[in-house]
Amino acid sequence: MSAPVARAPRPAARRRGDAAVAGVVLLVLVSVGGAVAAVVLGMQPLVVRSGSMAPGLDPGALAIARAVPASEVAVGDVVSVVDDDGDRVTHRVVAIDPLAASSASLRLRLKGDANPTADARTYTVASVDRVVLDVPLLGHPVSWLSGRAGTVLVVGGAGLVVLLALRRPGGRRGVVALPVLALVLGTASLVGVERTVGTDAAFTDVADFEAGVLAAHGVRAFDLDGGSAACENIGTASLGYYGSVRIKWKVKDTRYETEWTSPQLTNGGTKIDAQVATIGTSVSTTFRSAALGLGTNDVQPSLTGGTIQVVGRSRVRTAPTWVSPDSRTVLVERQALALGGVRCGTVSVQPTVILTGPTGSGTTSAVQGSVDTACGTSPRAAACGTAQATVGRTVSSVSYELRREALLQITQCWNGTGYSAFTCGTWRDATVAGTNPVTWRVPGTNAYGGTLFTGTYTLTIRVTDSVGQTAVQVWTYTAS
């Protein structure tokens, strides 16, 4: 009877390799398991990017939210909503206003726990993402793993496992490699399916405002209401002048206030209009004057009279340094001899922009079909419309940005032939025909659809006229 042969100990390098294989397999299992759980349970992971919900939700925390009907939301719940600009905000519900009895939607008033006041805007929703769990400090690692680099690590690591398994001696290659290969394929299809989404717990107090909250937000100038009639003379005329003028404009964003400037205005040459109204509401700012400056004045009286230029811009209410690059200009004439009269002069009216197509959301074919119907197919277009400058001017340029959010939170922009993450942040020229009005087209074909994006598109059109006045309009639609 032969003596048993002692098995030689495995080399240290092989033990380390086995440990590495086990680690990568565990990482793959966790990734696949997390993706499956998110899909099956309908959970939405959110990475908190700012601190207005502190100390409950500090920056860097991972919040898990679940979509629920608005009827299930109660005061005190922490919910995540998407505002009119497409930015996600996660705050606590402080008030609920029901709409019509037949409506499934509710109007929510939200407030950050660290904010002294509630959000300036309300949110009308039929469903919301309600936060059910949060884990401090876990947001950034999870966000990284769900990003491009993390996916490469997981999938690449899984592929490495296959190679190592195929090299194992002893005839066990197929036994080990087959389930690992299945993991690779499963990981490639599931990792990032339910990616993390960044959420701003937006600040509403200037002392605590964190610039990063609006880092990707471009402040847009308001539109004057009424064209050349946007300025009105108020009161009874005396020698052709009035006690005040009123400038009418439309609210562009409930987070904005309006800043009017002119060296001839009182209070340091600036008048701030901070009234709050819903988007699109027509409001007005009054500029008063009095003889010899005796009384309430917005416009300084003048001995020589003449015309002053009043320039208006939008600015973020809680961060006054965030100002729209574009402005609106109204000329106001002052009465001589310091008599204090004023009257409207020329109104520098912004161009108008109209979207002809796409005419709505829906499937990829429906959106493209609406473009083809509205814009024609020779040549094909991604979008089209018209633009017109006020009388005496012409449209000098029409620019566009068409963006979509692809898988793994990668924002891509259309360059006329395809999408690229490297073309965002750059205005591209639309094709223009005519003089005033003009027709414009965003060039290209097959701009909608694909397997690695969310289906949400944002089209921004900027029109500039011959004197430099601009108009910017934004449309959001889906093509799933």
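The values are calculated or read from the model by the stated rules, or taken from the named source; none is laboratory data. In this text, all values refer to a predicted model and were calculated from it rather than measured experimentally. Counting neighbours? That spans all protein chains shown, and the Cβs are built from the backbone with ideal geometry, glycine included. The accessibility values were calculated without ligands, DNA or RNA, using every heavy atom of the protein model including side chains. Shrake-Rupley method; radii C 1.70, N 1.55, O 1.52, S 1.80 Å.
For W249, what is the net charge nearby, where nearby means another residue's Cβ is under 14 Å from its Cβ and Lys, Arg count +1, Asp, Glu -1? Intermediate values should be presented prior to the final figure.
Details: positive: R220, R246, K248, K250, K252, K271, R313, R315, R328; negative: D223, D225, E232, D253, E257, E259, D273, D326.
The answer is +1.
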At 0.36 nm per residue, and after removing the present C-alpha to C-alpha distance, how many nm does the segment from S466 to V311 gain when stretched out fully? 54.0 nm
Taking a probe of 1.4 angstrom, what is the accessible area of S370 in Å², to the nearest 10? 20 Å²
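Using R₀ = 51 Å, calculate the FRET efficiency as 1/(1 + (r/R₀)^6) where r is the Cβ-Cβ separation of S228 and T359; round to 0.05. Mind showing how you got there, number by number?
Details: r = 30 Å, r/R0 = 0.59.
The pair S228/T359 has a calculated efficiency of 0.95.
Calculate, in nm to one decimal, what A421 and S480 gain on full extension: separation in residues at 0.36 nm each, minus their alpha carbon distance. Don't skip to the end; give the middle numbers.
Working: separation 59, 0.36 × 59 = 21.24 nm, distance 1.99 nm.
My answer for the length gained is 19.2 nm.
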Could you give the nm distance between label points at D429 and A54, where each point is 7 Å from its Cα heading toward the beta carbon? 4.8 nm
Between the stretch 365-441 and the stretch 296-344, what is the separation of their alpha carbon centroids in Å? 35 Å
First compute the accessible area of the stretch 265-325 with a 1.4 Å probe, then give the percent of it belonging to carbon and sulfur atoms. 54 percent
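Please give the length that would be gained between T281 and T236 if that part of the chain were fully extended, namely 0.36 nm times their separation in residues minus their C-alpha to C-alpha distance (nm, one decimal). Each step should come with its number before you reach the end.
Numbers: separation 45, 0.36 × 45 = 16.20 nm, distance 2.74 nm.
Extra length available between T281 and T236 comes to 13.5 nm.
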Put a dot 7 Å past each Cα toward the Cβ at K250 and L294; how far apart are the dots in nm? 4.4 nm
